[in-house]
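The values are calculated or read from the model by the stated rules, or taken from the named source; none is laboratory data. Worth saying up front: this structure is predicted, and the values here are computed from it rather than measured. Note that we place each Cβ from the backbone using ideal geometry, even for glycine, and neighbour counts take in every protein chain shown.
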Amino acid sequence: MNIENCLFGVALSAGQCEGAYLEDGKGLSIIDTMDQSKDRCYRRHPYPKEGVYYPSHEASDFYHHMEADLEMMHELGAQCFRTSFAWTRIFPHGDDAQINKKGIAFYDRLIDRCIAYQIEPIITLSHLEIPYDLYERYGGWEDRRFADCFVRYAKVILDHFHDRVTYFITFNEINCAIHFPYVVGVGVDRSIEPSTTMYQAMHHMFVANAEIIAYAKQRYSHLKIGCMSAVGPIYPLTPYPQDVLKAKRKERENLFASDVLVNGKYPYYTDAMFQDLGVTLTVSAEDRQLLEENRIDFLAVSYYNTNCETASENRETSSGNLFGGVKNPYLHATQWGWQIDPTGLRILLNDLSERYQGFPLMIVENGIGANDSFEDGKIHDQYRIDYLKAHLDEVEKAIEDGAELWAYTMWSFIDIISASGGQMSKRYGLVYVDRDDEGNGTNQRYRKDSFYFYQEYLKNIKKRKDTL
Ligand code: BG6
C-alpha cells in the first residue's frame, strides 16, 4: 500500500447539512425533532414544541446549494466525497409502499455531479436520518421489523445506484447505539449504562448490515460494502497495572462492534463483558451464520481524539466524540474539550491493522470543531490547518507502516450543524456557511484558509499519483 492508492476527500451527512426537512416529499427524521441542547442525542423529545428552534430544518441548506457546493468541491480537488442518503427522502415514513421519486432524483443529481467531476462517491445509508414515524410505531432498532424496513430501503438504493456508486457504508458509527441511542433510533432515553436494549438494537443493526452484504454479493459483486464505528486509542494514565487493565477494558468496549463486523462473529470476551454489564442478548443460530458469511469489505472509522483511563478516583475528565475519559497531561484540547492527538491516529491505524491483519480501512471523519471568526469575508483558521496538517502527516506515516487505507475524508466540507449539540457555531467546514445558532444568515459560502491549504495538499497528492 502506498499513499497514492488512498482516496483523499471530504465528508458530510444529509441530516446535518441538507435542510429542506419536509421538502419534495421528505419525511421527518429523528434529528429533525431535536433542539439545540447538550443531551439532545440521549433523550426523546416532545415534538413539535412552540417557540423552539430546530437546527436541522434548514441546516446548511445543502439541498438548495448542492450544485454550487459540488462545483466548489471540484475546485478543491477532492478525490472522493463521503455523504449519506436520507432514508426519509426515499421512504418518508420508513416503509412506504411507493418510493419518493423526488428524493431519488435529488441523489441522482448529486451522484451524477460527482461522476462528472471525477469525485468518487462513498455513500452512507444511515447517518442520523432515522424515520420518526417508523420509530414511533416500532420503538426503534430493538424491534426486528425496524431493521427489516432499513434493509428494504438499502436494497432500493443498491438497485438504483449500483452502476454509479461502488462504496457503501451501511451505518455511521454503529456503536452510537450504546452512546447516542435516541438519535440513531434506539428506544431508550439515557446512555449512561449500556443496557440489553442497546446491545439488542445493535445486534439487529449487525444483522441488517449482513443482509445488505448478502444481497450485494448475489447481485452486485463489484460493490464494496463497509460499516463504520467510532474508535480511538485509550491510553492508561500511568503504567500502574490497574490503569492498564482499565484502559484495555474500555478499548474492548470500543472495538466490540468492529470485532463483530470484521470477524463475522461475537468475540471471545462477549460473555464476560455482557455479564459485567448485566446484558442478555438474543442471537439465533441463523443470525450467527448470516454474520459469519457476510463480513464487511472495509472498516470505516471516525477519529477525533483520544482519552486516558485510570483506576484512581482522583481524576480530571475530558470530553470527546461519543464519550469522554480522563484527561491526558500531554495533549491540548479544542474549545469543546476534545483532546487533539495526531499521533493517536497513527497508533489507531496500526492497532486496527494489527488486530484485523491488514484489513482495509477508511477514515471517514477527522476534523476540528471551532468557533471561527469571520472578518470581511475571510476566515483565518490556522488552527484547522495545523490540525489537518498534523493528522495528514500521521496518515502518511501509518500508510508507510503498512496500513491498508482506502480513503481519508475530512470532516467536514462545509459548515454543518453539530450532531451532539445542534450548534452551527461548532464549525467543522473548510467552507464557511453564513448561518448562526438561531438560524439567521444568508447561507452564503466563503472559503476558509484551510480550504486553500487542503487544495494544495490534494494537488500534491494528485501530482504524486500522476507520476506513478
Ligand atoms: C461523529 C458524527 O460522531 O462526530 C458526526 O458521525 C458528528 O455526525 C461528528 O458531526 C462530530 O461531532 P459533533 O457532535 O461535534 O458534531
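Just checking, how many residues over the range 31-51 are of a type in the set (Phe, Trp, Tyr) and more than 19 Å from the chain's Cα centre (by Cα)?
Qualifying residue count for the region: 1.
Tally the residues that are in a helix (DSSP H, G or I) and either out of contact with any Cys (no Cβ under 7 Å at 6 or more places or on another chain) or of a type in the set (Lys, Arg) (or both), restricting the search to the range 23-69.
Going through the range 23-69 one residue at a time, the tally reaches 17.
Please verify whether residue 153 is more than 14 Å from the ligand (Cβ to nearest atom) and free of Cβ contacts under 8 Å to residues at least 24 places away in the same chain, treating the condition exactly as stated.
For residue 153, the condition - more than 14 Å from the ligand (Cβ to nearest atom) and free of Cβ contacts under 8 Å to residues at least 24 places away in the same chain - is not met.
What are the residues in the range 361-373 that are surrounded by 17 or more Cβ atoms within 10 Å (Cβ to Cβ) and either within 16 Å of the ligand (Cβ to nearest atom) or over 24 Å from residue 413 (Cα atoms) (or both), if any? Before you say what the answer is, go through the steps one by one.
Filtering the range 361-373 for residues surrounded by 17 or more Cβ atoms within 10 Å (Cβ to Cβ) gives 361-370, 372.
Matches in the range 361-373: 362, 363, 364, 365, 366, 367, 368, 369, 370, 372.
In the list 401, 393, 376, which residue meets the criterion of being free of Cβ contacts under 8 Å to residues at least 40 places away in the same chain, out of contact with any Asp or Glu (no Cβ under 9 Å at 6 or more places or on another chain) and either within 12 Å of the ligand (Cβ to nearest atom) or more than 22 Å from residue 323 (Cα to Cα) (or both)?
Selected residue: 376, the only one of 401, 393, 376 that is free of Cβ contacts under 8 Å to residues at least 40 places away in the same chain, out of contact with any Asp or Glu (no Cβ under 9 Å at 6 or more places or on another chain) and either within 12 Å of the ligand (Cβ to nearest atom) or more than 22 Å from residue 323 (Cα to Cα) (or both).
One line per residue, one yes/no per condition, for (1) surrounded by fewer than 20 Cβ atoms within 10 Å (Cβ to Cβ); (2) in a helix (DSSP H, G or I):
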residue: 109; (1), (2): yes, yes
residue: 114; (1), (2): no, yes
residue: 122; (1), (2): no, no
residue: 126; (1), (2): no, no
residue: 135; (1), (2): no, yes
residue: 152; (1), (2): yes, yes
residue: 160; (1), (2): yes, yes
residue: 165; (1), (2): no, no
residue: 176; (1), (2): no, yes
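How many residues are in contact with a strand residue (DSSP E or B) (Cβ under 6 Å, 6 or more places away or on another chain) and surrounded by fewer than 21 Cβ atoms within 10 Å (Cβ to Cβ) if we restrict to the range 9-34?
0
Can you tell me which of 312, 319 is more than 16 Å from the ligand (Cβ to nearest atom) and modelled with pLDDT under 95?
Going through 312, 319 in turn, the sole match is 312.
Let me confirm something: among 446, 454, which residue is in a helix (DSSP H, G or I) and either at pLDDT 95 or above or more than 25 Å from residue 119 (Cβ to Cβ) (or both)?
454
Among the residues of the range 431-450, is any more than 16 Å from the ligand (Cβ to nearest atom), within 30 Å of residue 354 (Cα to Cα) and without any contact (Cβ under 8 Å) to a residue 60 or more places away in the chain?
No: zero hits.
Can you pull out every residue in the range 156-190 that is under 22 Å from residue 300 (Cβ atoms), hydroxyl-bearing (Ser, Thr, Tyr) and within 16 Å of the ligand (Cβ to nearest atom)?
Scanning the range 156-190 gives a single hit, 170.
What are the residues in the range 336-346 that are in a helix (DSSP H, G or I) and either within 16 Å of the ligand (Cβ to nearest atom) or surrounded by fewer than 18 Cβ atoms within 10 Å (Cβ to Cβ) (or both), if any?
Answer for the range 336-346, where residues must be in a helix (DSSP H, G or I) and either within 16 Å of the ligand (Cβ to nearest atom) or surrounded by fewer than 18 Cβ atoms within 10 Å (Cβ to Cβ) (or both): 343, 344, 345.
With the checklist (1) at pLDDT 95 or above; (2) surrounded by fewer than 16 Cβ atoms within 10 Å (Cβ to Cβ) in hand, flag the one item residue 333 doesn't pass.
(2)
Sort out which residues of the range 341-373 are free of Cβ contacts under 8 Å to residues at least 24 places away in the same chain and more than 15 Å from residue 431 (Cα to Cα), and write them in order of number. Talk me through it step by step, then tell me what you get.
Narrowing the range 341-373 to residues free of Cβ contacts under 8 Å to residues at least 24 places away in the same chain: 354, 357, 373.
Answer for the range 341-373, where residues must be free of Cβ contacts under 8 Å to residues at least 24 places away in the same chain and more than 15 Å from residue 431 (Cα to Cα): 354, 357.
Checking the structure you have, find out if any residue of the range 215-237 is out of contact with any strand residue (DSSP E or B) (no Cβ under 8 Å at 6 or more places or on another chain) and within 22 Å of residue 139 (Cα to Cα).
no
Can you tell me how many residues within the range 377-407 are within 28 Å of residue 422 (Cβ to Cβ) and of a type in the set (D, E, K, R)?
Summing the residues that are within 28 Å of residue 422 (Cβ to Cβ) and of a type in the set (D, E, K, R) in the range 377-407 gives 4.
Could you tell me whether residue 412 is modelled with pLDDT of 95 or more, surrounded by fewer than 19 Cβ atoms within 10 Å (Cβ to Cβ) and either farther than 28 Å from residue 168 by Cβ or within 16 Å of the ligand (Cβ to nearest atom) (or both)?
Numbers: modelled with pLDDT of 95 or more: yes; surrounded by fewer than 19 Cβ atoms within 10 Å (Cβ to Cβ): no; either farther than 28 Å from residue 168 by Cβ or within 16 Å of the ligand (Cβ to nearest atom) (or both): yes.
No; evaluated as a whole, the condition is false for this residue.
Report, by residue number, each residue of the range 260-305 that is closer than 22 Å to residue 235 by Cβ and either touching a residue at least 24 places away in the same chain (Cβ under 8 Å) or in contact with a strand residue (DSSP E or B) (Cβ under 7 Å, 6 or more places away or on another chain) (or both).
299, 301, 302, 303, 304, 305
What is the residue count in the range 408-431 for residues that are within 14 Å of the chain's Cα centre (by Cα) and in a strand (DSSP E or B)?
4
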